[in-house]
Each structure stands twice: as structure tokens, then as C-alpha cells.
Amino acid sequence: MKSHAQVVVIGGGVVGCSVLYHLTRSGWKDVVLVERDELTSGSTWHAAGGMHTINSDPNVSKLQDYTIGLYKEIEEISGQSCGVHITGGVMLAGSQERMDWLRNVHARGRYLGMDTELISAEEAQRRFPLMDRRYFVGALYDPVEGHLDPAGVTHAYAKSARIGGAEIYRHTRVTALSPRADGTWDVITEKGDIHAEHVVNAGGLWAREVGRMVGLELPLLAMEHQYLITEDMPEVMESEKEVLHAVDFEGEIYMRQERNGMLMGTYEKAGVAWSERETPWDFGHELLPEDVDRIAPSLEVGFRHFPAFERAGIKQIINGPFTFAPDGNPLVGPVRGVSNFWVACGVMAGFSQGGGVGLALSNWMINGDPGFDVWAMDVARYGDWTTPAWTNAKVRENYSRRFQITFPNEELKAGRPLRTTPIHDRLKDTNAVFGAAYGLEHALWFAPEGTEPAEEVTFRRSNAFGPVANECRAVREAVGLIEISTFAKYEVTGPNAEGWLSRVLANRIPRQGRMLLSPMLNHAGRLIGDFTVAKASPERFYIFGSGIAEEYHLRWFEAHLPGSGISLRSLAAEWSGVSIAGPNARELLSRITEEDVSRQAFPFLAFREMCAGGVRAKVARITFTGDLGFEIWVRTDFQRTLYDAVVEAGADLGLRHFGARALNSLRLEKSFGTWAREFRPIYGPFEARLDRFVDLEKNDFIGRDGAMKERHEGPKRRLVTLVVDDDGVDVMGDEPVWRNGEVIGWVTSGGYAHHANKSVALAYVPAVNANVTEAGAFEVEILGNRRPATLAPAPLFDPAGARMRG
Ligand SMILES: Cc1cc2nc3c(=O)[nH]c(=O)nc-3n(C[C@H](O)[C@H](O)[C@H](O)COP(=O)(O)OP(=O)(O)OC[C@H]3O[C@@H](n4cnc5c(N)ncnc54)[C@H](O)[C@@H]3O)c2cc1C
């Protein structure tokens with residue numbers, strides 16, 4: 001065994017072997033994989049081997065497509081068959097709502113280059129004769145679905161990696177990880193130690209335990225999962241072609257051919273967690289006891305929908321555990337605060353996603369960047385606020401909803417409330433309908449007095465539509481109050497603070513008492529953040545950004561901090577805030593402070609410390625509504641006092657609460673982009689129309705070369721605002737944009753802009769189309785309908801910004 005290696009990958013399941021292969025493929029040869037037992041000894045060996053490209057996140061879909069395409073390559077290199085059968089598959093809809101969902105999947109597939117097809121129930125039955133079409137209304141056909149041999153795939157990765165120079169040590173358990181001062185690791189194994197520059201946790205069923213070796217509690221939990229294999233079925237044996245894959249959402253069942261019979265698996269409602277606290281190290285190639293009662297409800301539906309199954313006997317039932325993150329997507333990437341420690345775990349669909357995970361992680365390790373948009377599976381989407389109890393609740397919820405529709409306006413309930421602010425009860429008393437962002441409860445909208453604060457879940461406009469319109473009206477005509485504690489906020493202090501900020505951010509740093517907007521770019525000049533920066537004093541700055549990206553941004557900030565002269569900390573728990581916006585906002589602020597907040601004394605983008613509502617506050621003359629407004633930040637223990645003062649002072653000014661839904665509506669009519677929708681690492685700042693917030697002349701900030709190149713060559717695509725000629729349905733995001741019969745772009749977000757009274761979609765289109773303003777020049781495909789759309793050359797509300805600056 002080697003005593004030193006550049007990388008030690010822990011875990012020889014499909015994911016670890018894929019990571020190992022991708023490292024060698026990119027030229028890192030001094031890499032080893034350490035496996036406790038034989039390769040495939042975790043959840044990999046008993047997988048059903050199904051694979052598909054469809055995922056709710058388009059970027060994950062791309063990686064799934066990549067994974068499936070990779071099998072040919074590793075078969076050729078290794079000579080090891082992966083046993084791939086591309087049969088094609090049908091996803092069967094038993095309701096119109098599910099059909100809407102499939103229409104969305106199909107529409108999104110268009111710009112991903114996927115070749116899916118919407119078909120009738122009759123056509124589905126022709127292609128998949130085992131079904132009884134009376135139970136279905138239609139289906140989506142995907143030609144790139146099939147199944148494979150899980151062990152074959154894992155060994156093909158492993159052999160290919162060995163050919164590329166990697167070494168694999170089986171029957172060698174890693175028992176501890178010991179960090180060295182220089183950020184490298186001593187990997188302690190049963191058979192000796194390896195000094196490694198990097199460690200990858202691909203521990204699958206034991207990823208939690210490997211995480212604990214470095215003091216991490218990763219949000220992971222294993223669930224039991226059962227599938228059955230039937231005896232030979234005449235319908236299968238008589239079929240000329242291999243039987244298609246099929247998913248029946250109503251029955252919560254997936255199916256595929258297995259030799260002369262069929263395999264049927266189910267994600268049952270009453271899922272059972274496995275080894276909730278600790279996975280035993282001696283768990284080997286074992287199956288868990290079968291529990292037919294648990295899957296009986298699904299089988300009952302299955303036998304009705306697919307009568308041939310009822311006639312066939314059951315040959316075998318497999319029950320095995322595999323791990324999930326709270327949202328069902330993988331956990332990939334470097335872990336903040338633990339140097340050279342990488343994770344590739346929580347991969348619940350290893351045979352669809354394993355290749356993409358290996359590629360993204362190896363890129364990240366070698367080039368410092370995953371090379372794709374991996375936000376949906378970045379480990380940093382969770383912060384230190386997750387707990388095993390919360391993870392447990394969320395994973396169970398996710399498992400039980402695997403085949404259930406999650407509507408775009410749906411807020412899942414498990415594990416809530418987890419994080420609340422001091423005014424949570426006040427908002428509750430005002431009939432708030434809550435959502436959770438990054439674990440923090442916040443008001444989405446306020447239901448009318450006397451009605452139940454609940455939102456119907458739908459692809460169409462919900463019961464929130466009317467109340468949200470009223471909230472928007474209050475902001476545009478009087479004054480609105482919204483809690484803003486969901487924003488991330490950071491304090492940066494010290495003699496090197498300004499120099500450092502100027503190096504990590506793309507805009508210049510504001511003068512004292514002022515604020516500026518600034519994008520943050522990665523080394524390639526792509527967008528990894530958008531912030532407001534306030535200079536409170538020569539050596540004290542505050543940064544405000546997206547709340548859901550806090551861990552993601554802290555990881556980047558901390559990795560780029562100089563050794564001394566600067567201190568950075570998150571104010572997430574320490575600060576809470578409210579914002580007031582609308583024509584009466586200034587009058588309201590003047591009623592709760594002694595300070596002069598007149599236009600001259602407190603202009604747009606001013607930042608001041610003052611007493612407001614009887615408490616010490618930091619007040620910023622800015623709001624995301626695009627209106628006259630202020631953000632008022634206080635220490636969390638003062639938030640309630642501040643809130644009460646604002647509510648009292650605003651009573652005769654038409655003050656009304658507004659929530660995140662109204663804020664979204666208001667920012668749409670200002671064409672303001674937002675993180676994870678319009679702003680993601682696949683876009684450059686000029687594409688995202690952040691041109692005026694990038695100062696290419698100021699200094700050699702991170703990403704400047706890439707940004708210079710983008711400006712010099714001209715952005716390839718541009719963010720545009722489209723006004724959709726809607727028929728009562730608004731975009732949700734990820735819809736294709738058509739022009740002259742071709743898909744040319746995609747929607748990032750949208751909805752109804754209530755004040756402008758228009759349905760709006762923000763979208764990326766090729767730069768050549770970004771100035772086409774003729775009416776109906778574009779179409780946006782919403783739930784299968786192509787609706788005419790017209791490009792708005794300027795924001796729909798206050799294009800000159802007079803209100804905001806007024
Ligand atoms: C019943 C069932 C059906 C499934 N069907 C499908 C399907 O159809 N399609 C699909 O894509 N996925 C399916 N899956 C999920 C699939 O099995 C997983 O996505 C995949 O196996 C995850 O692989 P992994 O490499 O992350 O983890 P694992 O397979 O668990 O591998 C982790 C490895 O790490 C090793 N290890 C852990 N800790 C240490 C240590 N300290 N030292 C050394 N070695 C260590 C373990 O021994 C193990 O071999 C199914 C799972 C189950 C249970």
C-alpha cells in the first residue's frame with residue numbers, strides 16, 4: 001500500500017469508482033481508492049440498475065444525460081460490460097395535473113436537447129402493453145431510459161481508473177482521518193496510513209460516519225427500499241422487443257423487464273428509515289427482511305393498473321438501504337472550513353447521476369471549479385443549521401413524495417418550523433402563510449382576515465393571487481412592511497477589509513456611509529454572487545446577499561481571505577430586519593427616528609447607524625421592490641420592538657404587510673434578477689445585464705480577465721424581460737422560449753407583475769435576439785401552450801428609477 005497519495009477516495013461504490021476514474025481521466029494519476037470490503041459493498045450491489053435523464057433540475061438532467069453517455073466509454077477502456085439496455089421508457093399520467101407536470105418536463109427537455117414525446121394513453125399502451133389504459137390520461141415517452149448491471153458499471157469504472165494509473169485497496173477500512181497543519185490528511189486505515197493531499201468521502205451508506213471523522217454531521221439518512229422480481233411472464237416472453245421502463249405515479253411504482261419476468265419497485269408512503277443514528281461497520285452484502293405489508297397498497301394499485309403482474313408469481317423481494325439528502329439530490333463539493341475534504345455522497349440514483357457527480361467533483365478538485373452549474377447538488381446548499389432530527393423528517397418526507405408532484409408554489413411541511421425570528425408570532429397573528437428558506441420561516445403572503453392562512457397548490461394562479469395584488473398595491477400606493485431576515489448578512493472588519501473586498505467583488509467599494517451593488521465572479525469571470533456592500537467606517541463593512549447561498553458564499557469568502565488584517569463573520573442569527581417600501585416609507589421612517597431622513601440628508605444608497613423605533617439600527621436606503629424604501633437592521637433581540645414601532649407609526653399611512661410573493665411580483669416589474677434564478681455560475685455578468693455593476697478599470701479583481709473577455713467578445717446571450725400574452729397561467733421558471741418555430745432560450749423566473757398588470761417572464765435569449773421588440777416576436781411554452789410574448793426594452797415600472805431615488 002502506498003504511504004502517500006495526492007487523493008484518497010473513501011468508498012468503492014459506483015460513486016467512489018466514478019470519482020476515481022474521472023480523476024485519472026483528467027490526468028491525476030497518484031490517486032487511490034480505499035474500500036472497507038469488496039467493491040459495490042454498500043447500496044450499489046443490490047440496486048435495481050434503472051437509469052434515466054429526467055430530473056426536476058435541468059442542470060442535474062444534463063449530468064444524468066452525461067452519465068448515461070459515459071457507459072460506452074468505460075466499457076471500451078475497461079473491456080468490462082456495463083450490461084446496458086436502452087429500452088426507452090414511459091412515464092404514465094393518471095390525472096390532468098400529472099399530465100401538466102409531464103408537459104413541463106417535455107417543454108424543458110426541448111432546450112436541454114432531450115428527445116421526449118408526449119403521447120396519448122392509447123399510444124402508451126401500444127408501446128407498453130402491460131398497462132390498462134383506462135387508468136391513464138397520457139404519458140411522456142423518453143427514448144434514453146433503460147437499465148444496466150450495477151456491479152458491471154462499478155467494475156468498469158474501477159478497471160478504467162486502474163488503467164489510468166489509480167490503485168484500489170479492498171478490505172481496507174478507513175478508521176480515522178487526522179488533519180495536518182498544512183491542510184493535508186493522514187488517512188488511518190486498518191492496514192496502515194496514507195498521507196493524502198485530498199480526501200474524498202464517497203462512503204455511501206457510511207458517508208455520515210466518514211463525515212463524523214472530521215467533525216461533520218452531514219444531512220444524510222438511509223431509507224429501506226423494496227422491489228420485487230416476478231416469475232416468468234408470458235406477456236414478456238412473447239414481446240418482440242424488450243419491455244419498456246415504466247413509471248406509474250399514482251401507484252408510486254417503477255417497472256422494467258428482468259430476464260423473462262418484470263421488476264417492480266415502489267417508494268411507499270410509509271417509508272422506513274434504516275440505521276437512523278449509525279450505520280454498523282459490519283453491515284455487509286446483506287439484504288434487509290422483506291415487508292410485503294408495507295408495499296401492499298402500491299402493489300394493489302399496480303395489480304389493477306398492470307393486470308399481468310397479478311397473474312405472475314413473485315420470485316423474489318429485495319429490501320436494501322440507500323442514502324438521501326433532505327431534498328433527494330446529491331451532496332457534492334468541498335466542505336467549508338475543512339480543507340481538502342470533499343464529499344460525493346447522498347447519491348440516490350447512482351446509475352443516472354454517478355458519472356456526472358464524478359465529473360463535477362474531479363473538475364472541482366483539479367481546476368477549482370466544477371465546470372457546470374451544480375448548485376442543485378452542492379453540499380453548501382445546507383448550512384450548520386441542519387440537525388439529524390430535521391434531516392430525518394425531511395428525508396422521510398422526500399422519500400414518501402418521490403412520485404408525488406411538488407407544485408411550484410408548494411412549501412413542504414416536514415421539519416418545520418426550524419428557524420424562526422422574534423416577530424414570527426406577530427406575523428402569524430396577521431394571518432401570514434409561511435414558507436421556509438434555508439430553514440428560516442418567513443411570510444409568503446397574508447391571507448385575508450377570517451380566512452385560513454393556507455395556499456392551494458397548483459400550476460396555475462392560486463388563492464394567493466388576489467391578496468398578493470393588494471399587498472403590491474399597498475407598496476406602490478402607500479407603504480408596505482416586509483421582514484427581510486432571510487437575507488444573508490456579513491460583517492467584514494480590519495485594515496485589509498477594503499482591499500480584500502475590492503479583490504473578491506467586481507464593483508468598486510462605496511464611500512463611507514454609502515452602499516453599492518456588486519456581483520462576485522469566479523476565476524472564469526462567471527457569476528457566483530450578487531451583493532449590496534455598505535461601508536460603515538474605514539475598517540467596517542457590511543455585505544448583504546442571498547440567504548440560501550450563505551454557506552456557499554462563506555466557503556468562497558473564507559477560501560480567499562488573506563492571512564491577517566481582516567475578520568469576516570456571518571450575522572445570520574445576530575441581525576434581523578424589516579423593510580418598509582412605498583411612497584409613504586420616508587414619512588414612516590421619520591416618525592420612528594429623530595434623525596433627518598429627508599431626501600437630501602439620506603439619499604438613495606445611503607447607509608447610516610441611527611436609533612429607529614427606540615432601538616439601535618443600521619438603516620439602508622434601498623429596497624428590492626424598486627420603490628422608495630428602507631431596510632432596517634437591528635440586533636435580533638430588538639426586532640420585535642422595532643416591528644411594533646413600525647406597525648404603530650404606519651397605521652394611518654396605509655401600512656400593510658407584504659410577503660415574498662409580492663416582493664417577487666414587484667421585482668419582476670423592475671426586471672431585478674435574483675440568485676439561483678437569473679444569477680448562476682453559467683452566466684457572465686454582461687449576459688445577466690449587470691454591466692454597470694462591474695468596474696473593469698478599478699483593479700485586478702477575481703474574474704476580471706473572464707469579464708473583460710466577455711465584454712470584448714460581447715455576451716452570447718442576454719437576460720431579457722418578456723411580457724407574456726397569458727391565458728391565466730404564469731411561468732414558473734425553466735420554460736422554453738421560442739422564436740420563428742425554434743427553441744432559442746429559457747425562462748429563469750417569472751409570475752404576475754400586479755402593479756404593471758402583466759404576466760412577466762425573465763429569460764435568457766441569444767444576444768442577437770435581445771433587442772427584438774416587435775409584438776409577439778417570441779413565444780413562451782407554458783403547460784404545453786405556446787403563448788406569444790413581447791420583449792420589454794425597459795423595466796415595466798419606473799424605468800428611470802425616479803421612485804427608487806426619489
Ligand atoms: C433496493 C435498491 C434499489 C435501487 N435501485 C436503483 C436504481 O434502479 N437506479 C439507481 O440509479 N440507483 C438505485 N439505487 C440507489 C443506488 O444503489 C445508489 O445510488 C448507489 O449505490 C450509491 O452509491 P455510492 O457509491 O454512493 O454508495 P455505496 O454503494 O453505499 O458505496 C459506499 C462504499 O463505501 C465503502 N466505505 C464506506 N465507509 C468506508 C470506510 N470508512 N473505509 C472504506 N470503505 C468505506 C462501503 O463499503 C461501500 O462499498 C437503489 C438502491 C437500493 C437499495
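Every number here is computed from the coordinates shown, using simple stated rules; none is lab data. Every value quoted in this text rests on a predicted model; they were computed, and no experiment measured them. With ideal geometry, Cβ positions are generated from the backbone for all residues, glycine too; neighbour counts draw on all protein chains shown.
Please give the FRET efficiency for E117 paired with E742, using the beta carbon to beta carbon distance and R0 = 30 Å, rounded to the nearest 0.05.
Values: r = 18 Å, r/R0 = 0.60.
Step by step, r from the Cβ atoms, then E = 0.95.
What number comes out for the charge environment of F487, summing +1 per Lys or Arg and -1 per Asp or Glu over other residues with Cβ under 15 Å away?
Numbers: positive: R419, K489, K618, R667; negative: E441, E483, E491, D530, E550, E551, E574, E631.
So the surrounding residues net to -4.
Given a Förster radius of 41 Å and the C-beta distance between E240 and E167 as r, what FRET efficiency does 1/(1 + (r/R0)^6) yield to the nearest 0.05? Before the final figure, lay out each step's value.
Working: r = 46 Å, r/R0 = 1.13.
That pair, E240 with E167, gives E of 0.30.
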> Name the residues of the range 600-624 whose amide N is less than 13 Å from a point 7 angstrom out from the Cα of E594 along the C-beta direction?
Replying inline: 610-616
> Just the Cα atoms of the range 560-635: what Rg and Dmax do they give in Å?
Replying inline: 14.4, 47
> Could you give me the ³J(HN,Hα) list for the range 634-650, computed from phi with Karplus coefficients 6.51, -1.76, 1.60 and θ = phi - 60°, whole Hz, x at Gly and Pro?
Replying inline: 9, 5, 3, 6, 9, 4, 5, 5, 4, 4, 4, 5, 5, 4, 5, 5, x
>> On C-alpha positions alone, give me the angle between the axis of helix 550-559 and the longest principal axis of the chain, in degrees, nearest 10.
In response: 90
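Against the empirical 2.2 N^0.38 Å scaling, what ratio does the C-alpha Rg of the chain come to?
Details: Rg = 27.3 Å, N = 806, 2.2 N^0.38 = 28.0 Å.
Normalised Rg, Cα atoms only: 0.98.
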> Expressed in nm to one decimal, what extension gain is obtained for the pair R212 and A414 from 0.36 nm per residue of sequence separation less their Cα-Cα distance?
Replying inline: 70.2 nm
> If you take the square roots of the eigenvalues of the alpha-carbon gyration tensor of the range 622-719 and sort them as a ≥ b ≥ c, do you get rounded (a/c under 1.5), prolate (a/b over b/c) or oblate?
Replying inline: prolate
> Which whole-percent values make up P(r) of the range 262-362 when all C-alpha to C-alpha distances are grouped in 10 Å steps starting at zero?
Replying inline: 11, 32, 32, 17, 6, 1
> So what is log10(I(q)/I(0)) for the range 301-457 at q = 0.11, 0.13, 0.14, 0.19 1/Å, when the Debye sum runs over its Cα atoms only?
Replying inline: -0.65, -0.83, -0.91, -1.21
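222 nm [θ] for the chain, helices only, -39500 (n - 2.57) per DSSP H run of 4+, per residue, to 500?
Numbers: 20 runs with 211 residues, N = 806.
For the chain, the value works out to -8000 deg cm²/dmol.
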> Residues of the range 411-445 with amide nitrogen under 16 Å from the 7 Å Cα-to-Cβ point of D637?
Replying inline: 422-423
> Once both axes come from the Cα atoms, what is the angle between helix 58-78 and the longest principal axis of the chain, in degrees from 0 to 90, rounded to 10?
Replying inline: 30
> Say the dipole of the range 160-277 comes from +1 at the beta carbon of Lys and Arg and -1 at that of Asp and Glu; which of V214, I229, L263 then lies farthest toward its positive end?
Replying inline: V214
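Using just the alpha carbons, could you tell me how many Å³ per residue the convex hull of the range 128-169 encloses? Please report the intermediate quantities before stating the final value.
Working: hull volume 5.3 nm³, N = 42.
Cα-based convex hull of the range 128-169, divided per residue, equals 126 Å³.
Between Y135 and A777, what is 0.36 nm times their sequence separation minus the Cα-Cα distance? Round to one decimal in nm.
Details: separation 642, 0.36 × 642 = 231.12 nm, distance 4.01 nm.
Length gained, Y135 through A777: 227.1 nm.
Got the relative contact order for the chain handy, in percent, Cα pairs under 8 Å and 6 or more residues apart?
This gives 11 percent for the chain.
Treating the beta-carbon of each Lys and Arg as +1 and of each Asp and Glu as -1, no other charges, what is the dipole magnitude of the chain about its Cα centre, to the nearest 20 debye?
Numbers: 86 positive and 106 negative charges, 474 e Å.
Charge dipole of the chain: 2280 debye, to the nearest 20.
Can you give the FRET efficiency for E477 and I682, using 1/(1 + (r/R0)^6), R0 = 35 Å, r = Cβ-Cβ distance, to the nearest 0.05? Can you show the working numbers first?
On the way: r = 38 Å, r/R0 = 1.09.
After rounding to 0.05, the efficiency reads 0.35.
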